[in-house]
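Some notes on the structure that comes next.
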Amino acid sequence: MLRRALLRVSRSAKIKNLVTTAPVTAGVVERFIAGETSDEVVTVTRQLVGAGLLVSIDYLGEDTIDRSHVDAVVVAYLDLLTKLRESGLSASAEVSIKLTAMGQHLRDGPQLALENAELICRAARKADATVTLDMENHTTTDSTLEILHTLRKEYPGTGAVLQAYLYRTEDDCRDLAVAGSRVRLCKGAYAEPETVAFQDRQEIDKSYVRCMKILMAGNGFPMLATHDPTMIDIGLKLAADYGRGPGDFEFQMLHGIRPTEQLRLAKLGHAVRVYVPYGTDWYGYLVRRLAERPSNLRFFTRSLITKN
Ligand SMILES: Cc1cc2nc3c(=O)[nH]c(=O)nc-3n(C[C@H](O)[C@H](O)[C@H](O)COP(=O)(O)OP(=O)(O)OC[C@H]3O[C@@H](n4cnc5c(N)ncnc54)[C@H](O)[C@@H]3O)c2cc1C
């Protein structure tokens, strides 16, 4: 309930202004975001890769309705991929992109988002890196999957994301559990209506397990994006049941969340990829992280009240 309320309230311009200008925000932002520039994110990537982790880098921004902003996001990714290649990190670092930052909401949006995603996939191929399409709210799911299928004709390594909270996701897992298909499974981070999504945490967890089974039993490459200890244990058990070794699937977690667990799994020989966001447009991302964890939110609101 609290999570959904927060995600809704966060759309208010007043709340956005309060959060982005509050002095306490900087400390919280620092925990989850790797910096504002590509040089900063490359430095963080080098540290994580040095510690035995893999990385997926996200240039922050979403729901863009301004064409010049869309173009700037594409340029930022191209610059980042050049830097990854030059720094020799691209074998361990891919990029995650949001199609709503590529123009999906503009006029002729799906076509524009596809063309921009193609530019990034081409640059990624040159850098020997891969691209994963983040999944956003349910109004974009069909369009995102269509763009994924088109991209995969030329760039078969393009990763998909599916959200266990959507009723449709078990079917989508079946469709995507095919040879060579990289699929990130997450619980889902948006406030979705009950017409399309489970609302109850336990129902979402059960759906996550069903989806994991489909992906682990299939022929694709499952990427289990969760910090939940129960899901991680079940994922490990399913990997053993289906004879998947460390190179046949990976765990994914967010930068700044359960870093000790990330290293523990990597030391056991598992592939662990850390999702590392950077850039100045961090508001939507930060709100979703606060909404996921009541203790983060309590700390944040208490600081807002005492410092303002
Ligand atoms: C690599 C990656 C990529 C993602 N990509 C997408 C995407 O494209 N689309 C999308 O909708 N969602 C995405 N998500 C977010 C995801 O949908 C969930 O909202 C988020 O991961 C929290 O769910 P959970 O599985 O960790 O379990 P939860 O049930 O939320 O949490 C389980 C436990 O994890 C820890 N934890 C979880 N969140 C936090 C936090 N913010 N701070 C501190 N501890 C925490 C706590 O110990 C908690 O008890 C992604 C997540 C990851 C890890």
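The values are calculated or read from the model by the stated rules, or taken from the named source; none is laboratory data. Just so you know, these numbers come straight off a predicted model, no measurement behind them. Cβ coordinates were reconstructed from backbone atoms using ideal geometry, including for glycine residues, and neighbour counts include every protein chain displayed. For accessibility, only protein heavy atoms count, side chains too; no ligands or nucleic acids. Shrake-Rupley method; radii C 1.70, N 1.55, O 1.52, S 1.80 Å.
The peptide list 242-255, 130-143, 259-272, put in order of mean Cβ contacts within 10 Å with the highest first, becomes 130-143, 242-255, 259-272. When shorter helices are ignored and each DSSP H run of at least 4 residues is given -39500 (n - 2.57), the per-residue value for the chain at 222 nm works out to -16500 deg cm²/dmol. The distance linking the range 165-198 with the range 64-124 is 23 Å (Cα centroid to Cα centroid, whole angstrom). Between the amide H of LEU254 and those of TYR275, distances stay under 5 Å, these residues lying 5 or more places away or on another chain, with hydrogens modeled in the peptide plane.
Within the shell of other residues whose beta carbon sits under 9 angstrom from the beta carbon of THR141, the net charge comes to -2, with Lys and Arg scored +1 and Asp and Glu -1. Listed by chain and number, the aspartates and glutamates whose alpha-carbon sits under 19 Å from that of LYS237, ignoring those within fewer than 8 places in the same chain, are ASP205, ASP228, ASP248, GLU250, GLU261.
A simple spin-label model places pseudo-atoms 7 Å from Cα toward Cβ; at GLU40 and ARG8 they are separated by 3.4 nm. Taking each residue as 0.36 nm, the span from LYS206 to HIS149 lengthens on full extension beyond its C-alpha to C-alpha distance by 17.8 nm. Relative to the 2.2 N^0.38 Å rule of thumb, the chain has a C-alpha radius of gyration ratio of 0.95.
Surface composition of the range 29-107: carbon plus sulfur atoms contribute 50% of the solvent-accessible area (1.4 Å probe, protein chains only, all chains present).
The residue list LEU176, PHE32, ALA197 was ranked by how far each Cα lies along the charge dipole of the chain toward its positive end, using unit charges on Cβ atoms, and PHE32 comes out on top.
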